[in-house]
1. Give region 144-180 a look and list any residue that's touching a strand residue (DSSP E or B) at 6+ places or on another chain (Cβ under 8 Å), of a type in the set (Gly, Ala, Ser) and at negative phi, or say none.
2. Of all the residues that make up region 99-143, how many are assigned to a helix (DSSP H, G or I) and touching a strand residue (DSSP E or B) at 6+ places or on another chain (Cβ under 9 Å)?
3. Pick out, from region 263-372, the strands (runs of 3 or more DSSP E) lying fully within it that include 1 or more residues that are more than 22 Å from the chain's Cα centre (by Cα).
4. Checking SER73 against (1) polar (S, T, N, Q); (2) out of contact with any strand residue (DSSP E or B) (no Cβ under 9 Å at 6 or more places or on another chain); (3) not in a loop (DSSP other than H, G, I, E, B), which single condition isn't satisfied?
5. Quick check on region 258-265. Is at least one of its residues surrounded by fewer than 22 Cβ atoms within 10 Å (Cβ to Cβ) and over 30 Å from TYR34 (Cα atoms)?
6. Given the structure, is SER394 over 16 Å from GLY291 (Cβ atoms) and part of a strand (DSSP E or B)?
7. List pairs: first residue in region 53-69 and modelled with pLDDT under 95, second residue within 16 Å of the ligand (Cβ to nearest atom) anywhere in the structure, Cβ distance under 7 angstrom, at least six positions apart or on different chains.
8. Do the conditions hold for GLU239, that is, is it outside any helix (DSSP H, G or I), modelled with pLDDT under 95 and charged (D, E, K, R)?
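The values are calculated or read from the model by the stated rules, or taken from the named source; none is laboratory data. Predicted model, so just to flag it, every value in this text is computed and none were measured. For neighbour counting, all protein chains shown are included, and Cβ atoms are generated from backbone atoms with ideal geometry for every residue, glycine included.
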Amino acid sequence: MSLNFGREQVLIPGPSVVPDRVLRAMHRASPNIYEGDLISLANSLYPDLNKIAKNSGDVAIYIGNGHAAWESSLTNTLSRGDTVLVLISGRFGRGWMDMAKFLGVNVTSLDFGADQPADPDRVKAVLASDADHKIKAVLTVQTDTASSVTNDIQALRSILDEVEHPALLMVDCMASLGCEPFDMDAWEVDVMLAGCQKGLMTPAGVAFTFIRGEKVWAAYEQASLKTPYWDWHRRLHGEFFHQKFCGTPPSHHLYGLREALDILIEEGIENSWHRHQVMASAVWAAVERWGAVSGHLACNVQAIPHRSLAVTTIKTAEGDGNRIRRWCEDNAGLTLGVGLDLESTLGGQSASHFRVGHMGHLNPPMLLGALATVDAALKALGIDHGTGALDAASAVIAAG
Ligand SMILES: *Cc1c(COP(=O)(O)O)cnc(C)c1O
């Protein structure tokens with residue numbers, strides 16, 4: 001019998017749980033978009049977004065999703081025929097790469113497989129052999145949301161410095177901003193992009209490109225792919241408020257985002273990173289116990305330092321990933337993330353993975369409830385698994 005009653009829980013890796021405070025802030029009539037509160041509220045977002053990214057530069061805000069931020073980052077810095085180096089650790093680098101190709105940019109890519117971060121030596125070899133600096137930018141994700149691999153961004157910065165390569169370092173933090181340590185200034189990231197619907201706890205609809213330093217603005221001057229809608233300069237320095245959004249602002253999203261940033265700043269960004277570390281570790285502890293018997297249940301990423309703090313991809317025997325998800329959703333009102341086919345860019349799913357999103361607005365009862373529900377699914381479905389998963393997860397929470 002289904003026990004699906006009460007508040008539904010969606011723990012997918014974006015969109016994430018939206019706090020009631022954010023929902024309440026959005027529940028209002030349409031505001032005046034020409035003068036008054038909305039203008040000052042919008043202006044207050046820029047410094048706080050930069051605070052979260054630890055960025056002393058600029059941030060452009062768009063009505064859009066992660067794909068929008070991809071397009072913004074490429075069109076503002078590149079020209080048709082330029083070359084970029086794309087680092088692939090799953091699926092999302094590939095999506096960004098396909099967009100660059102569509103725009104007429106030449107792409108060199110390094111694919112590190114379905115469960116490994118970028119290998120510094122391979123990146124170094126490619127950059128070192130690019131003596132005339134044809135490569136204009138290195139594109140990488142911080143966390144790949146399909147594989148749940150996390151890249152060491154600081155290490156990539158060091159490689160660019162070591163080989164004295166002037167390429168821009170562009171980082172996709174869609175899944176990780178607010179969840180995983182990131183320091184745009186200290187790590188000298190040139191361009192970073194994110195959206196509001198993952199670590200920033202706001203319904204999908206607003207995307208960001210963070211911009212830092214003279215080098216990016218020099219690239220902007222040269223870039224011939226610029227178009228009016230994505231153009232950074234007008235968004236940041238337009239004479240009129242409506243130029244900040246190239247038209248009507250996403251008014252309700254701005255109210256929601258204001259509240260979400262307040263929540264994150266009240267918690268403290270370092271505290272949020274720590275909370276994500278603990279939550280992620282609790283998931284890994286449970287998975288390790290489940291997998292102790294058959295070896296079929298395991299974290300996709302083996303090395304702990306390479307694991308995302310925002311999402312965990314769990315490998316299962318063929319077909320079990322789907323069965324576990326279906327059972328949790330139908331019988332318990334818990335929605336988990338589908339496994340994504342790590343070989344394709346468009347839509348493909350994998351029946352032998354599922355994902356637990358643990359990003360954003362999440363506390364121990366929400367997470368432990370979800371892990372206990374997966375534990376029940378394994379029992380109900382007769383999937384061979386080790387015991388003690390909840391014990392291991394709660395021990396991690398207890399240690400804090
Ligand atoms: C979610 C995500 C995207 C795509 O975002 P959309 O809002 O679906 O366009 C891109 N990159 C990463 C790393 C993501 O997690």
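1. ALA146, SER147, ALA167, ALA175, SER176 - these are the residues of region 144-180 that are touching a strand residue (DSSP E or B) at 6+ places or on another chain (Cβ under 8 Å), of a type in the set (Gly, Ala, Ser) and at negative phi.
2. Taking region 99-143 as the starting set, the residues that turn out to be assigned to a helix (DSSP H, G or I) are 99-102, 120-128.
Now restrict to residues that are touching a strand residue (DSSP E or B) at 6+ places or on another chain (Cβ under 9 Å): 100-101, 122-123, 126-127.
Residues that pass the stated criteria total 6.
3. Passing ranges, in order: 349-357.
4. With respect to (1) polar (S, T, N, Q); (2) out of contact with any strand residue (DSSP E or B) (no Cβ under 9 Å at 6 or more places or on another chain); (3) not in a loop (DSSP other than H, G, I, E, B), SER73 is out only on (2).
5. For region 258-265, residues surrounded by fewer than 22 Cβ atoms within 10 Å (Cβ to Cβ) and over 30 Å from TYR34 (Cα atoms): absent.
6. Values: over 16 Å from GLY291 (Cβ atoms): yes; part of a strand (DSSP E or B): no.
So SER394 does not fit the description; no.
7. Nothing qualifies.
8. Values: outside any helix (DSSP H, G or I): yes; modelled with pLDDT under 95: yes; charged (D, E, K, R): yes.
Yes.
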